[in-house]
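The values are calculated or read from the model by the stated rules, or taken from the named source; none is laboratory data. What you see is a predicted model; the values in this text were computed from it and never measured. Backbone-built Cβ (ideal geometry, glycine too); neighbour counts: all protein chains shown. All accessible areas refer to the heavy atoms of the entire protein, side chains included, with ligands and DNA or RNA removed. Shrake-Rupley method; radii C 1.70, N 1.55, O 1.52, S 1.80 Å.
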Amino acid sequence: MKKILSVVGARPNFIKIAPVARALKKYRKEVKHILCHTGQHFDKKMSEVFFEDLKMPKPDFNLGVGGGSHAEQTARIMLEMEKVMTEVKPDLVIVPGDVNSTMAAALVASKMGIPIAHVEAGLRSYDKTMPEEINRIVTDVVSDFLFVTEHSGMHNLRGEGMDDDKIFFVGNTMIDTLDENYDAVEGCDITDRLGLEKERYIVATFHRPSNVDDKGNLEALLETMGRLAGERKLIFPVHPRTRKNIKAFGLDRLITKNLLLTDPLGYIDFLSLMRYAELVITDSGGIQEETTYMGVQCITVRKNTERPVTVDVGTNHLVGTGMEKVEKTAMDILGGTTKPGRIPELWDGKAAKRIAAILMEHKE
Ligand code: UD1
Ligand code: UDP
């Protein structure tokens with residue numbers, strides 16, 4: 001019996017691995033799937049809630065590494081991962097996404113000579129000030145299976161000289177999860193619970209260090225959201241990094257009446273909130289993709305995106321970090337100037353099944 005070890009650590013990882021775990025169950029007579037949570041994210045609302053919402057079994061290992069500087073966090077994950085991999089002796093390690101847990105686990109596996117599959121390979125922002133860009137590049141370089149979500153990923157990997165035999169265009173497992181849960185998302189009563197009129201409110205999320213770790217940038221962002229909240233109710237589920245910084249920078253005074261700050265929301269509640277929003281404003285990676293899939297207008301407050309298909313094909317407006325442009329684009333969208341979009345190729349709910357089938361074909 002072969003052993004596959006998947007390693008997750010942060011909120012988007014749980015959502016990306018859930019369908020892979022499910023797809024591997026089909027091969028349970030040949031493969032034992034083991035899940036390791038590094039503990040990078042640890043609050044109930046950043047972690048446990050996703051295991052509940054997505055009906056995932058509890059991880060077999062939880063390393064409890066928590067936060068810290070990049071070096072501290074990465075090093076702690078590597079030290080603990082090495083112990084787990086020594087104990088489990090997996091035949092393959094799967095790492096999704098681009099967080100520190102992804103890169104740390106990939107590095108450990110590569111040094112131990114264990115083959116690696118990277119789910120969501122090839123994405124590039126071409127901005128090395130983003131910690132995730134370093135994680136993506138390093139993870140791809142040491143991976144044996146590069147599972148790609150959009151055409152740009154194929155192009156990027158080929159441009160970096162990756163062996164064509166390793167690259168597989170399979171679609172998007174984050175969208176598999178959304179597809180699987182779409183009835184629950186549409187049927188969820190979160191708008192009633194928050195007293196919102198469907199298609200007449202804005203949802204915002206921010207957690208990128210470039211937006212929230214600098215006092216001036218975070219202040220400008222909150223001021224802009226405050227003004228938009230004068231136009232429509234604005235719901236802002238706050239990431240722990242952002243919550244800490246609002247407090248540390250003394251910016252609580254900018255939380256005005258219509259600006260509804262909540263704790264991070266569970267998966268079904270949050271997706272439903274986006275599904276019925278008039279507009280989503282974000283700096284998240286995954287949210288750019290989910291809004292494109294659902295056809296919801298999305299403003300991305302970043303200078304670049306590693307997910308260009310959401311701009312080229314989808315409903316994403318990549319506007320940069322200047323607040324004037326953010327506000328003007330938002331006002332245009334609220335005024336009816338929207339962008340039509342389509343669902344990108346292979347975002348069809350079957351990516352994880354393709355991944356499992358490819359891994360089984362190559363298992364010897
Ligand atoms: C991480 C990822 C980022 C991803 C995001 C998803 C890296 C480098 N960054 O950023 O790519 O978009 O997750 O949400 O891996 N914290 C809590 N409770 C939690 C989780 C975090 O209090 O459950 C605190 C941490 O202690 C730390 C801060 O939030 O002080 C940031 O956490 P960390 O995991 O280092 O980075 P994120 O900003 O969450
Ligand atoms: N998400 C959620 N609740 C929230 C905010 C986000 O369930 O309050 C989901 C979101 O829909 C997506 C994932 O978390 O599936 C994205 O995570 P995040 O934005 O933290 O990370 P990124 O994608 O930027 O790495």
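The figures follow:
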{"read-out": "Scan of region 117-149 for residues that are part of a helix (DSSP H, G or I) and in contact with a helix residue (DSSP H, G or I) (Cβ under 7 Å, 6 or more places away or on another chain), ordered by number", "value": "P131, N135, V138, T139, D140, V142"}
{"read-out": "Residues being buried (at least 20 other Cβ atoms within 10 Å of the Cβ), away from ligand 1 (no atom under 16 Å from the Cβ) and free of Cβ contacts under 8 Å to residues at least 40 places away in the same chain - total across region 203-232", "value": "2"}
{"read-out": "Yes/no for I355 being more than 15 Å from I202 (Cα to Cα), modelled with pLDDT of 95 or more, away from ligand 2 (no atom under 16 Å from the Cβ) and open to solvent by less than 30 Å² (accessible area, probe 1.4 Å)", "value": "yes"}
{"read-out": "Boolean, M130 is of a type outside the set (D, E), within 16 Å of ligand 2 (Cβ to nearest atom) and open to solvent by 10 Å² or more (accessible area, probe 1.4 Å)", "value": "yes"}
{"read-out": "Residue list for region 295-307, filter: touching a Phe, Trp or Tyr at 6+ places or on another chain (Cβ under 9 Å), touching a residue at least 60 places away in the same chain (Cβ under 8 Å) and crowded, with 23+ Cβ neighbours inside 10 Å", "value": "V301, E306"}
{"read-out": "Meets criteria (open to solvent by 70 Å² or more (accessible area, probe 1.4 Å), within 22 Å of E289 (Cβ to Cβ) and modelled with pLDDT of 95 or more) for D183", "value": "yes"}
{"read-out": "Helices (runs of 4 or more DSSP H) fully within region 305-364 counting 2 or more residues that are of a type in the set (G, A, S) and closer than 22 Å to D98 by Cβ", "value": "351-361"}
{"read-out": "Identity of the residue in region 233-258, closer than 14 Å to V280 by Cα and either away from ligand 2 (no atom under 11 Å from the Cβ) or modelled with pLDDT under 95 (or both), that ends up most open to solvent (accessible area, probe 1.4 Å)", "value": "K233"}
{"read-out": "Residue check for L54: among the hydrophobic types (A, V, I, L, M, F, W, C), open to solvent by less than 60 Å² (accessible area, probe 1.4 Å) and within 15 Å of F14 (Cβ to Cβ)", "value": "yes"}
{"read-out": "Qualifying residue in region 147-168 (condition: open to solvent by 10 Å² or more (accessible area, probe 1.4 Å), of a type outside the set (F, W, Y) and under 17 Å from V7 (Cβ atoms))", "value": "no"}
{"read-out": "Filter result (among the polar types (S, T, N, Q) and within 9 Å of ligand 1 (Cβ to nearest atom)) within region 58-78", "value": "S69, Q73, T74"}
{"read-out": "Residue match in region 30-46 (condition: among the small types (G, A, S), closer than 27 Å to A184 by Cα and buried (at least 20 other Cβ atoms within 10 Å of the Cβ))", "value": "no"}
{"read-out": "Residue under evaluation V280, criteria (1) within 15 Å of ligand 1 (Cβ to nearest atom); (2) under 30 Å from K128 (Cβ atoms), criterion not met", "value": "(1)"}
{"read-out": "Subset of region 251-286 that is part of a strand (DSSP E or B) and of a type in the set (V, I, T) - its residue that is nearest to the chain's Cα centre (by Cα)", "value": "T282"}
{"read-out": "Subset of region 133-146 [farther than 14 Å from T305 by Cα and surrounded by fewer than 21 Cβ atoms within 10 Å (Cβ to Cβ)]", "value": "I134, I137, V138, V141, V142, D144"}
{"read-out": "Hits in region 95-127 - residues which are away from ligand 1 (no atom under 16 Å from the Cβ), open to solvent by 10 Å² or more (accessible area, probe 1.4 Å) and either closer than 19 Å to Q288 by Cβ or among the small types (G, A, S) (or both)", "value": "S110, G113, Y126"}
{"read-out": "Hey, R241 within 14 Å of ligand 1 (Cβ to nearest atom) and either in a helix (DSSP H, G or I) or at positive phi (or both) or not", "value": "yes"}
